[in-house]
Amino acid sequence: MTGPHERARELVRRCERIAVDLYALNDHPGLRWADRRPVTGHTAETLAGVRRRVDSAWIGFDALRRHCDTTWNTVTADPQETDPEPVAALLDDPVRVEAAAGTRDLPPADLATELEDAVRELVPECDRIDLRCGRVADRIDRLTSDMAAVEERAGRYDLTNDPDLAALRSSLRPALDAALEDPLAPHPELDPLAERLARVTATLSELDELRTTLPDRLRHIRDAVDALTEAERRALETCTLAVAKIGNPAPRRLRPVAAELAGRVPDTERLAAEHRWHELRPRLHRIETEISEAHARSRAREVAARALLDRRAELRGRFAAYARKGARIGVIETEPVAEAMQQARALLQSTPCDLPAATRALNRFQQAVTATAAKEGTR
(Lines give C-alpha, C1' and ligand atoms only; values in the text may rest on other atoms or scores of the structure.)
Protein backbone atom coordinates (compact mmCIF):
# COMPACT_ATOMS: atom_id res chain seq x y z
CA MET A 1 0.00 0.00 0.00
CA THR A 2 1.30 3.46 -0.91
CA GLY A 3 2.29 5.55 2.10
CA PRO A 4 1.29 9.13 2.86
CA HIS A 5 4.59 10.50 1.60
CA GLU A 6 4.18 8.91 -1.89
CA ARG A 7 0.54 9.95 -2.06
CA ALA A 8 1.58 13.50 -1.26
CA ARG A 9 4.23 13.43 -4.00
CA GLU A 10 1.66 12.08 -6.47
CA LEU A 11 -0.78 14.88 -5.58
CA VAL A 12 1.91 17.46 -6.33
CA ARG A 13 2.72 15.73 -9.64
CA ARG A 14 -0.99 15.79 -10.55
CA CYS A 15 -1.05 19.51 -9.78
CA GLU A 16 1.94 20.01 -12.11
CA ARG A 17 0.29 18.03 -14.92
CA ILE A 18 -2.94 20.01 -14.52
CA ALA A 19 -0.89 23.22 -14.81
CA VAL A 20 0.65 22.03 -18.09
CA ASP A 21 -2.77 21.06 -19.48
CA LEU A 22 -4.40 24.34 -18.45
CA TYR A 23 -1.64 26.46 -19.98
CA ALA A 24 -1.98 24.48 -23.21
CA LEU A 25 -5.76 24.85 -23.09
CA ASN A 26 -5.43 28.59 -22.58
CA ASP A 27 -3.57 28.82 -25.90
CA HIS A 28 -5.83 26.36 -27.74
CA PRO A 29 -6.71 27.64 -31.27
CA GLY A 30 -10.37 26.89 -30.71
CA LEU A 31 -10.48 28.91 -27.52
CA ARG A 32 -8.49 31.77 -29.05
CA TRP A 33 -10.64 31.98 -32.19
CA ALA A 34 -12.28 35.16 -30.92
CA ASP A 35 -8.82 36.78 -30.56
CA ARG A 36 -8.39 36.77 -34.35
CA ARG A 37 -11.43 38.96 -34.99
CA PRO A 38 -14.64 39.85 -33.15
CA VAL A 39 -17.23 37.08 -33.21
CA THR A 40 -20.97 37.35 -32.65
CA GLY A 41 -24.07 35.25 -32.24
CA HIS A 42 -23.82 31.54 -31.56
CA THR A 43 -20.01 31.54 -31.79
CA ALA A 44 -19.67 34.31 -29.20
CA GLU A 45 -22.08 32.52 -26.85
CA THR A 46 -20.29 29.17 -27.25
CA LEU A 47 -16.82 30.59 -26.73
CA ALA A 48 -17.99 32.63 -23.74
CA GLY A 49 -19.43 29.48 -22.17
CA VAL A 50 -16.20 27.54 -22.74
CA ARG A 51 -14.13 30.44 -21.45
CA ARG A 52 -16.19 30.56 -18.25
CA ARG A 53 -15.50 26.86 -17.68
CA VAL A 54 -11.78 27.39 -18.33
CA ASP A 55 -11.71 30.34 -15.93
CA SER A 56 -13.46 28.22 -13.32
CA ALA A 57 -10.80 25.53 -13.77
CA TRP A 58 -8.08 28.13 -13.31
CA ILE A 59 -9.67 29.30 -10.06
CA GLY A 60 -9.73 25.74 -8.75
CA PHE A 61 -6.19 25.13 -9.94
CA ASP A 62 -4.85 28.30 -8.29
CA ALA A 63 -6.38 27.17 -4.99
CA LEU A 64 -4.86 23.69 -5.36
CA ARG A 65 -1.48 25.09 -6.33
CA ARG A 66 -1.36 27.42 -3.30
CA HIS A 67 -2.32 24.48 -1.09
CA CYS A 68 0.44 22.30 -2.53
CA ASP A 69 3.06 25.07 -2.52
CA THR A 70 2.56 26.19 1.07
CA THR A 71 2.45 22.66 2.43
CA TRP A 72 4.85 20.69 0.27
CA ASN A 73 7.69 23.14 0.77
CA THR A 74 7.93 21.93 4.38
CA VAL A 75 8.35 18.30 3.30
CA THR A 76 11.85 16.99 2.61
CA ALA A 77 12.63 14.52 -0.15
CA ASP A 78 13.59 11.81 2.36
CA PRO A 79 10.49 10.09 3.78
CA GLN A 80 12.50 9.15 6.93
CA GLU A 81 13.16 12.79 7.72
CA THR A 82 9.76 14.14 6.70
CA ASP A 83 7.51 15.58 9.38
CA PRO A 84 4.21 13.63 9.13
CA GLU A 85 2.09 16.64 10.06
CA PRO A 86 2.71 18.68 6.85
CA VAL A 87 2.16 15.54 4.77
CA ALA A 88 -1.13 14.91 6.53
CA ALA A 89 -2.10 18.55 6.03
CA LEU A 90 -1.25 18.31 2.34
CA LEU A 91 -3.39 15.21 1.91
CA ASP A 92 -6.28 15.89 4.24
CA ASP A 93 -6.79 19.62 4.77
CA PRO A 94 -9.66 20.85 2.60
CA VAL A 95 -8.94 23.33 -0.16
CA ARG A 96 -11.14 26.40 -0.21
CA VAL A 97 -12.23 27.38 -3.72
CA GLU A 98 -13.83 30.83 -3.91
CA ALA A 99 -15.71 31.54 -7.12
CA ALA A 100 -18.67 33.57 -8.36
CA ALA A 101 -20.88 30.49 -7.95
CA GLY A 102 -19.96 30.30 -4.26
CA THR A 103 -17.27 29.04 -1.91
CA ARG A 104 -16.50 25.34 -1.70
CA ASP A 105 -14.19 23.30 0.54
CA LEU A 106 -12.89 20.19 -1.22
CA PRO A 107 -10.41 17.45 -0.35
CA PRO A 108 -7.21 18.05 -2.38
CA ALA A 109 -7.43 14.73 -4.27
CA ASP A 110 -11.10 15.35 -5.14
CA LEU A 111 -10.28 18.83 -6.41
CA ALA A 112 -7.46 17.43 -8.55
CA THR A 113 -9.84 14.83 -10.02
CA GLU A 114 -12.44 17.50 -10.73
CA LEU A 115 -9.85 19.63 -12.53
CA GLU A 116 -8.57 16.68 -14.56
CA ASP A 117 -12.13 15.82 -15.62
CA ALA A 118 -12.78 19.44 -16.59
CA VAL A 119 -9.66 19.57 -18.78
CA ARG A 120 -10.53 16.18 -20.27
CA GLU A 121 -13.92 17.58 -21.39
CA LEU A 122 -12.69 21.00 -22.49
CA VAL A 123 -9.88 19.88 -24.80
CA PRO A 124 -12.02 17.86 -27.27
CA GLU A 125 -14.70 20.56 -27.14
CA CYS A 126 -12.13 23.19 -28.09
CA ASP A 127 -10.88 20.81 -30.80
CA ARG A 128 -14.39 20.63 -32.26
CA ILE A 129 -14.76 24.40 -32.15
CA ASP A 130 -11.44 24.87 -33.90
CA LEU A 131 -12.33 22.26 -36.52
CA ARG A 132 -15.74 23.76 -37.29
CA CYS A 133 -14.44 27.33 -37.35
CA GLY A 134 -11.47 26.23 -39.44
CA ARG A 135 -13.69 24.56 -42.00
CA VAL A 136 -15.77 27.71 -42.34
CA ALA A 137 -12.62 29.82 -42.64
CA ASP A 138 -11.24 27.48 -45.31
CA ARG A 139 -14.49 27.67 -47.23
CA ILE A 140 -14.50 31.45 -47.01
CA ASP A 141 -10.91 31.50 -48.27
CA ARG A 142 -11.86 29.27 -51.21
CA LEU A 143 -14.90 31.36 -52.11
CA THR A 144 -12.92 34.58 -51.78
CA SER A 145 -10.14 33.17 -53.96
CA ASP A 146 -12.61 31.83 -56.53
CA MET A 147 -14.40 35.17 -56.65
CA ALA A 148 -11.12 37.01 -57.18
CA ALA A 149 -10.26 34.63 -60.03
CA VAL A 150 -13.71 35.19 -61.55
CA GLU A 151 -13.29 38.96 -61.33
CA GLU A 152 -9.92 38.76 -63.08
CA ARG A 153 -11.20 36.47 -65.84
CA ALA A 154 -14.41 38.47 -66.29
CA GLY A 155 -12.33 41.51 -67.19
CA ARG A 156 -10.95 39.68 -70.23
CA TYR A 157 -14.45 39.28 -71.62
CA ASP A 158 -15.83 42.70 -70.69
CA LEU A 159 -18.15 41.08 -68.13
CA THR A 160 -17.15 43.17 -65.11
CA ASN A 161 -20.53 44.93 -65.13
CA ASP A 162 -22.52 41.85 -66.04
CA PRO A 163 -25.79 41.92 -64.01
CA ASP A 164 -25.43 38.32 -62.78
CA LEU A 165 -21.84 38.91 -61.69
CA ALA A 166 -22.75 42.22 -60.04
CA ALA A 167 -25.58 40.54 -58.11
CA LEU A 168 -23.25 37.75 -57.00
CA ARG A 169 -20.63 40.27 -55.95
CA SER A 170 -23.09 42.25 -53.82
CA SER A 171 -24.44 39.09 -52.15
CA LEU A 172 -21.22 37.19 -51.54
CA ARG A 173 -19.22 39.67 -49.44
CA PRO A 174 -21.90 40.22 -46.75
CA ALA A 175 -22.55 36.48 -46.55
CA LEU A 176 -18.84 35.72 -46.11
CA ASP A 177 -18.48 38.40 -43.44
CA ALA A 178 -21.48 37.03 -41.56
CA ALA A 179 -20.04 33.50 -41.69
CA LEU A 180 -16.64 34.68 -40.49
CA GLU A 181 -18.18 36.62 -37.61
CA ASP A 182 -20.27 33.65 -36.48
CA PRO A 183 -18.66 30.49 -37.91
CA LEU A 184 -20.41 28.11 -35.51
CA ALA A 185 -23.87 29.17 -36.71
CA PRO A 186 -25.45 27.47 -39.73
CA HIS A 187 -25.00 29.44 -42.95
CA PRO A 188 -27.20 27.81 -45.60
CA GLU A 189 -26.91 30.89 -47.81
CA LEU A 190 -23.33 29.90 -48.69
CA ASP A 191 -24.42 26.84 -50.69
CA PRO A 192 -26.52 28.68 -53.31
CA LEU A 193 -23.86 31.41 -53.52
CA ALA A 194 -21.20 28.77 -54.15
CA GLU A 195 -23.42 27.24 -56.84
CA ARG A 196 -23.88 30.64 -58.50
CA LEU A 197 -20.14 31.23 -58.38
CA ALA A 198 -19.55 27.79 -59.90
CA ARG A 199 -21.96 28.61 -62.74
CA VAL A 200 -20.16 31.88 -63.47
CA THR A 201 -16.85 30.03 -63.39
CA ALA A 202 -18.23 27.42 -65.78
CA THR A 203 -19.42 30.16 -68.13
CA LEU A 204 -15.98 31.74 -68.15
CA SER A 205 -14.43 28.34 -68.82
CA GLU A 206 -16.78 27.92 -71.76
CA LEU A 207 -15.64 31.31 -73.08
CA ASP A 208 -12.02 30.21 -72.70
CA GLU A 209 -12.80 27.07 -74.65
CA LEU A 210 -14.74 29.08 -77.25
CA ARG A 211 -11.74 31.26 -78.00
CA THR A 212 -9.64 28.16 -78.58
CA THR A 213 -12.10 26.10 -80.58
CA LEU A 214 -13.89 28.83 -82.55
CA PRO A 215 -12.33 28.10 -85.99
CA ASP A 216 -13.23 24.39 -85.76
CA ARG A 217 -16.67 25.21 -84.43
CA LEU A 218 -17.44 27.64 -87.27
CA ARG A 219 -16.20 25.10 -89.78
CA HIS A 220 -18.48 22.49 -88.23
CA ILE A 221 -21.43 24.89 -88.43
CA ARG A 222 -20.79 25.59 -92.12
CA ASP A 223 -20.55 21.85 -92.83
CA ALA A 224 -23.77 21.27 -90.88
CA VAL A 225 -25.54 24.00 -92.85
CA ASP A 226 -24.36 22.43 -96.14
CA ALA A 227 -25.64 19.03 -94.98
CA LEU A 228 -28.92 20.64 -93.93
CA THR A 229 -29.27 22.28 -97.35
CA GLU A 230 -29.00 18.89 -99.05
CA ALA A 231 -31.33 17.23 -96.52
CA GLU A 232 -33.96 19.95 -96.99
CA ARG A 233 -33.66 19.64 -100.79
CA ARG A 234 -34.42 15.92 -100.64
CA ALA A 235 -37.18 16.39 -98.11
CA LEU A 236 -38.72 19.24 -100.11
CA GLU A 237 -38.81 17.09 -103.25
CA THR A 238 -40.51 14.26 -101.38
CA CYS A 239 -42.95 16.59 -99.64
CA THR A 240 -43.80 18.39 -102.90
CA LEU A 241 -44.48 15.07 -104.61
CA ALA A 242 -46.62 13.92 -101.67
CA VAL A 243 -48.63 17.16 -101.73
CA ALA A 244 -49.27 16.62 -105.45
CA LYS A 245 -50.20 12.95 -105.10
CA ILE A 246 -51.95 12.76 -101.69
CA GLY A 247 -54.99 14.80 -100.71
CA ASN A 248 -56.01 13.06 -97.51
CA PRO A 249 -54.34 12.98 -95.07
CA ALA A 250 -52.74 16.22 -96.20
CA PRO A 251 -48.92 15.95 -96.18
CA ARG A 252 -47.13 18.52 -94.00
CA ARG A 253 -45.14 21.02 -96.02
CA LEU A 254 -41.51 21.90 -95.33
CA ARG A 255 -40.15 25.43 -95.01
CA PRO A 256 -36.39 25.31 -95.68
CA VAL A 257 -34.26 27.32 -93.23
CA ALA A 258 -30.70 26.40 -94.26
CA ALA A 259 -30.20 29.60 -96.26
CA GLU A 260 -31.39 31.73 -93.35
CA LEU A 261 -29.04 29.97 -90.93
CA ALA A 262 -26.12 30.30 -93.34
CA GLY A 263 -26.78 34.03 -93.48
CA ARG A 264 -26.32 34.32 -89.71
CA VAL A 265 -22.82 32.81 -89.66
CA PRO A 266 -21.03 36.04 -90.75
CA ASP A 267 -22.59 37.84 -87.79
CA THR A 268 -20.91 35.37 -85.42
CA GLU A 269 -17.58 35.97 -87.15
CA ARG A 270 -18.02 39.72 -86.62
CA LEU A 271 -18.65 39.20 -82.90
CA ALA A 272 -15.50 37.09 -82.67
CA ALA A 273 -13.44 39.75 -84.43
CA GLU A 274 -14.74 42.31 -81.92
CA HIS A 275 -13.92 39.94 -79.00
CA ARG A 276 -17.54 40.01 -77.85
CA TRP A 277 -17.27 36.44 -76.62
CA HIS A 278 -20.11 36.63 -74.11
CA GLU A 279 -22.51 37.58 -76.93
CA LEU A 280 -21.01 35.09 -79.36
CA ARG A 281 -21.47 32.05 -77.12
CA PRO A 282 -25.31 32.11 -77.01
CA ARG A 283 -25.47 33.02 -80.72
CA LEU A 284 -23.45 29.97 -81.69
CA HIS A 285 -25.43 27.74 -79.35
CA ARG A 286 -28.69 29.01 -80.83
CA ILE A 287 -27.53 28.43 -84.42
CA GLU A 288 -26.31 24.92 -83.61
CA THR A 289 -29.57 24.12 -81.85
CA GLU A 290 -31.65 25.41 -84.77
CA ILE A 291 -29.54 23.44 -87.25
CA SER A 292 -30.11 20.26 -85.22
CA GLU A 293 -33.85 20.96 -84.93
CA ALA A 294 -34.07 21.72 -88.67
CA HIS A 295 -32.34 18.42 -89.48
CA ALA A 296 -34.80 16.53 -87.29
CA ARG A 297 -37.77 18.39 -88.74
CA SER A 298 -36.58 17.77 -92.29
CA ARG A 299 -36.13 14.05 -91.65
CA ALA A 300 -39.54 13.78 -89.99
CA ARG A 301 -41.32 15.55 -92.88
CA GLU A 302 -39.52 13.42 -95.46
CA VAL A 303 -40.32 10.18 -93.62
CA ALA A 304 -43.99 11.17 -93.23
CA ALA A 305 -44.30 12.15 -96.89
CA ARG A 306 -42.55 8.99 -98.04
CA ALA A 307 -44.88 6.91 -95.86
CA LEU A 308 -47.94 8.45 -97.57
CA LEU A 309 -46.50 7.77 -101.03
CA ASP A 310 -45.59 4.23 -100.01
CA ARG A 311 -49.11 3.70 -98.70
CA ARG A 312 -50.56 4.81 -102.03
CA ALA A 313 -48.18 2.47 -103.89
CA GLU A 314 -49.13 -0.39 -101.57
CA LEU A 315 -52.87 0.16 -102.19
CA ARG A 316 -52.28 0.22 -105.95
CA GLY A 317 -50.29 -3.01 -105.72
CA ARG A 318 -53.08 -4.70 -103.76
CA PHE A 319 -55.64 -3.45 -106.33
CA ALA A 320 -53.66 -4.97 -109.18
CA ALA A 321 -53.38 -8.26 -107.28
CA TYR A 322 -57.14 -8.44 -106.62
CA ALA A 323 -57.88 -7.56 -110.26
CA ARG A 324 -55.63 -10.38 -111.49
CA LYS A 325 -57.24 -12.78 -109.05
CA GLY A 326 -60.74 -11.77 -110.15
CA ALA A 327 -59.81 -12.23 -113.82
CA ARG A 328 -58.20 -15.59 -113.13
CA ILE A 329 -61.22 -17.01 -111.35
CA GLY A 330 -63.63 -15.46 -113.89
CA VAL A 331 -65.55 -13.02 -111.64
CA ILE A 332 -64.03 -9.75 -112.80
CA GLU A 333 -66.94 -8.92 -115.11
CA THR A 334 -69.68 -9.70 -112.66
CA GLU A 335 -71.71 -6.66 -111.66
CA PRO A 336 -70.71 -6.34 -107.95
CA VAL A 337 -67.03 -6.97 -108.69
CA ALA A 338 -66.92 -4.66 -111.70
CA GLU A 339 -68.67 -1.88 -109.80
CA ALA A 340 -66.35 -2.22 -106.76
CA MET A 341 -63.30 -2.38 -109.01
CA GLN A 342 -64.34 0.77 -110.87
CA GLN A 343 -64.79 2.71 -107.58
CA ALA A 344 -61.42 1.53 -106.20
CA ARG A 345 -59.61 2.31 -109.48
CA ALA A 346 -61.09 5.78 -109.64
CA LEU A 347 -60.03 6.64 -106.11
CA LEU A 348 -56.53 5.16 -106.47
CA GLN A 349 -55.90 6.91 -109.80
CA SER A 350 -57.28 10.27 -108.71
CA THR A 351 -54.79 13.04 -107.92
CA PRO A 352 -54.53 13.99 -105.16
CA CYS A 353 -55.56 10.67 -103.66
CA ASP A 354 -57.85 10.23 -100.66
CA LEU A 355 -56.07 7.36 -98.93
CA PRO A 356 -58.76 6.49 -96.32
CA ALA A 357 -61.49 6.48 -99.00
CA ALA A 358 -59.30 4.47 -101.37
CA THR A 359 -58.54 1.98 -98.58
CA ARG A 360 -62.26 1.47 -97.89
CA ALA A 361 -63.00 1.08 -101.62
CA LEU A 362 -60.19 -1.44 -102.01
CA ASN A 363 -61.53 -3.44 -99.07
CA ARG A 364 -64.97 -3.51 -100.71
CA PHE A 365 -63.37 -4.65 -103.97
CA GLN A 366 -61.55 -7.47 -102.15
CA GLN A 367 -64.73 -8.51 -100.36
CA ALA A 368 -66.67 -8.48 -103.66
CA VAL A 369 -64.10 -10.72 -105.33
CA THR A 370 -64.11 -13.12 -102.38
CA ALA A 371 -67.91 -13.18 -102.01
CA THR A 372 -68.57 -13.59 -105.74
CA ALA A 373 -65.98 -16.33 -106.05
CA ALA A 374 -67.63 -18.20 -103.19
CA LYS A 375 -71.08 -17.73 -104.75
CA GLU A 376 -69.93 -18.82 -108.18
CA GLY A 377 -68.21 -21.82 -106.65
CA THR A 378 -71.52 -23.08 -105.15
CA ARG A 379 -73.34 -23.31 -108.46
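The values are calculated or read from the model by the stated rules, or taken from the named source; none is laboratory data. None of these values were measured; they are calculated from a predicted model. Because the Cβ atoms are built from the backbone with ideal geometry, glycine has one as well, and the counts that use them run over all protein chains shown. We work out accessible area using only protein heavy atoms, side chains counted, and drop any ligands, DNA or RNA first. Shrake-Rupley method; radii C 1.70, N 1.55, O 1.52, S 1.80 Å.
Residues with beta-carbon under 15 Å from that of R312, excluding R312: net charge, scoring Lys, Arg +1 and Asp, Glu -1?
On the way: positive: K245, R306, R311, R316, R318, R345, R360; negative: D310, E314, D354.
Net of charged neighbours comes to +4.
Give a quick list of trypsin sites (Lys or Arg not before Pro) in segment 271-375 that DSSP marks as loop, anything other than H, G, I, E or B, with at most 15 other Cβ atoms within 10 Å.
Details: sites: R276, R283, R286, R297, R299, R301, R306, R311, R312, R316, R318, R324, K325, R328, R345, R360, R364, K375; in loops: R276.
Here the sparse-neighbourhood loop sites are R276.
Tell me, rounded to the nearest percent, the portion of alpha carbon pairs in segment 210-307 spaced more than 20 Å apart. If you can, show how the numbers build up before the last one.
Numbers: 2099 of 4753 pairs.
Of all Cα-Cα distances in segment 210-307, 44 percent exceed 20 Å.
Tell me the carbon and sulfur percent of the accessible area for the chain, rounded to whole percent, probe radius 1.4 Å. Can you show the working numbers first?
Values: 11230 of 21510 Å².
That share works out to 52 percent.
When ranked by the protection proxy of mean other Cβ atoms within 10 Å per residue, highest first, what sequence do the peptides 208-216, 256-264 form? Could you put the intermediate results ahead of the total?
Values: 208-216: 12.4, 256-264: 15.6.
In decreasing order of mean packing, 208-216, 256-264 become 256-264, 208-216.
Write down the accessible area per residue of the chain in Å², having rolled a 1.4 Å probe over the full set of protein chains. The partial results should precede the final answer.
Values: 21510 Å² over 379 residues.
The answer is 57 Å² per residue.
If the convex hull of the alpha-carbon atoms of the chain is projected onto planes in all directions, what is the mean projected area in square nanometres?
Values: hull surface 172.0 nm².
Taking a quarter of the hull surface, the average projection is 43.0 nm².
To the nearest 500 deg cm²/dmol, what mean residue ellipticity at 222 nm is calculated for the chain from DSSP H runs of n ≥ 4 alone, each contributing -39,500 (n - 2.57), summed and divided by the residues? Before the final figure, lay out each step's value.
Details: 11 runs with 299 residues, N = 379.
Value at 222 nm, helices only, nearest 500: -28000 deg cm²/dmol.
Which order do R128, R255 take when ranked by solvent-accessible area (1.4 Å probe, heavy atoms of all protein chains), largest first? Display every interim value, and only then the final one.
On the way: R128 135, R255 155 Å².
Correct descending sequence by accessible area is R255, R128.
Can you list the GluC sites (Glu not before Pro) in segment 283-379 that are in a DSSP coil and have 12 or fewer other beta carbons within 10 angstrom?
Numbers: sites: E288, E290, E293, E302, E314, E333, E339, E376; in loops: E333.
Filter output for segment 283-379: E333.
So what's the convex hull volume per residue for the Cα atoms of segment 272-345, in Å³?
Numbers: hull volume 6.6 nm³, N = 74.
Dividing the Cα hull volume of segment 272-345 by its residues yields 90 Å³.
Quick check: the distance between the Cα centres of segment 290-316 and segment 194-213, to the nearest angstrom?
40
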